[in-house]
Amino acid sequence: MTKQLRIRDVLLLSLGISVGVLTTSFLPTLALSDTTPSFGSISAITPFRNSGRGRSSHRHKKKPSSSALSASNPNSKFIVEDSYGTDELSNSEYAVPANNRRLQVIQAGGIAKEGIGSSMGFILYGANIAGMLDADFLVTQTAQMFDYRVSDIVNRGIELRSGGRTCDILEILLSDPSNGSFKERQDRAMLLLDDLYERSRRIARKGKHSPEGIFTEYSLREIERCDTIIINDYRPVSTHHTPYTTRWWNNVISQYSGPPHGNDIAIHYRWGDVSNKGQGTPKWHTDMSKVIPLVDIIREENPTAQLRIFMKKSKNNETREQLEELLLPLVLREGDEIMECATDVEELSILSKAKYLFINSGSFSEQAAATKRASIVVENGGGVFWPLKRMGLEYFFDYNKVDLVEFRKVVKRTLKWAPEYH
């Protein structure tokens, strides 16, 4: 049995009101199963849980020297003039929630109907804010795509808690909600939200670990009153990974496969869903003639490394021999494998734990590299280089420009690395 909890349910539960059947059909839903979902051949494992620093970590007695907006880049297009005074607040001290539970952030809407790779871009801004607040993170139910819902995948292992105070991110940001017409307040709130996304992403990439400088004193005081924060932004907003989202993503995707192989060369060769066009598209094309020299170097320096090609059959249901023909001029050796996993999420999980990872520039491949577990990542030059480069991958190569001598040095340097997050 699946529990469908609507955002209105969360709000009513927080007020202690008994919730019956709701008939409002347009509200987003958050699907959480009574039992751990099964994905193909994947067995259930114990979900990761953040230990948390306690609610007291969100209290900030010291007033910032200036407002968060004025502290950000003055040239930013998101900057908006607003008042952040705290004199009008009725309480001189921070409000203490009735319980000491972990804060939870729920992203409601704004996630396009896409597969898991593309959907991640629309989820990361919420995950980044949750990470900066040291909060649990969930998303409301997403549309079904490729026989799965992304919300079921990313929410696994996190419980939706009821009770306490539920807050709206826009009300937290808008310190003067009564000033101006409804349309003016709405427009101002959305500008503040855009600015929050940009500043939180920029500061997270600098390694800062405090919400100060991201939120104003007014907003921090409001956050202290909350047990649940709803990010109710229905606009699709796409962004890339930060250190916070990388850690969150590792915890999510690692649940869907067993321990890392430890010494594998994983190549994501996209075929099944793009067989009629994909290998003619630079974004998805994998030129095996450029992969071969790099695989040969890895095998020379690490003879026990096992080659694993991840590719799905098309609707033509190709035989093993036909798949091998597609990979030419790469010739598989004894012990090499062509992997076709039971589910997309299992495949992505195994790819994300590879020691040597070869990817295309599709968003699915990008998310495999985004865990930062691989010792070496090689991409096809199709457009994913800079988003991943900004993540700080230590050994990251475009196979069109790689120096083979330097590549060999890196392989030697990483022989003792295990494919764990570093």
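Coordinate-derived values only; no laboratory data. This one's a predicted model, so the numbers in the text were calculated from it and none came from an experiment. Reconstructed Cβ throughout: ideal geometry from the backbone, glycine too, with neighbour counts over all protein chains shown.
In table form, for the structure just shown:
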read-out: Nonlocal amide H pairs with ARG165, under 5 Å, H built at 1.01 Å; value: ASP227, THR228
read-out: Relative packing of peptides 345-355, 262-272 - highest average C-beta neighbours within 10 Å first; value: 345-355, 262-272
read-out: Residues with amide H under 5 Å from that of TRP271, placed H, sequence gap 5 or more; value: LYS312
read-out: Ascending count of other beta-carbon atoms within 10 Å, so fewest first, for ILE297, ILE116; value: ILE297, ILE116
read-out: Per-residue ³J(HN,Hα) for segment 195-201, Karplus 6.51 cos²θ - 1.76 cosθ + 1.60, θ = phi - 60°, Hz, x for Gly and Pro; value: 5, 4, 4, 5, 5, 5, 5
read-out: Interchain or long-range residues, amide H under 5 Å from ASP264's placed H; value: GLN306, LYS355, TYR356
read-out: Global form of segment 259-413, assessed from the alpha-carbon gyration tensor, a/c cut-off 1.5; value: rounded
read-out: Karplus (6.51, -1.76, 1.60) ³J(HN,Hα), θ = phi - 60°, over segment 225-230, in Hz, Gly and Pro reported as x; value: 7, 9, 9, 9, 10, 9
read-out: Entries in LYS206/LYS412; LYS312/LYS412; LYS389/LYS416 that, when Cα-Cα distance is taken, lie over 26 Å; value: LYS206/LYS412; LYS312/LYS412
read-out: Residue-wise HN-Hα coupling along segment 313-330, computed from phi with Karplus coefficients 6.51, -1.76, 1.60 (Hz; x: Gly, Pro); value: 6, 7, 5, 7, 6, 4, 7, 4, 5, 5, 5, 5, 5, 5, 7, 4, x, 6
read-out: Gap separating the Cα centres of segment 373-416 and segment 296-349, nearest whole Å; value: 20
read-out: Added length on full extension, which subtracts the Cα-Cα distance from 0.36 nm per residue, ASP296 to ARG235; value: 17.3 nm
read-out: Inter-label distance for ASP403 and GLU325, nm, one decimal - labels placed 7 Å from Cα along Cα-to-Cβ; value: 4.1
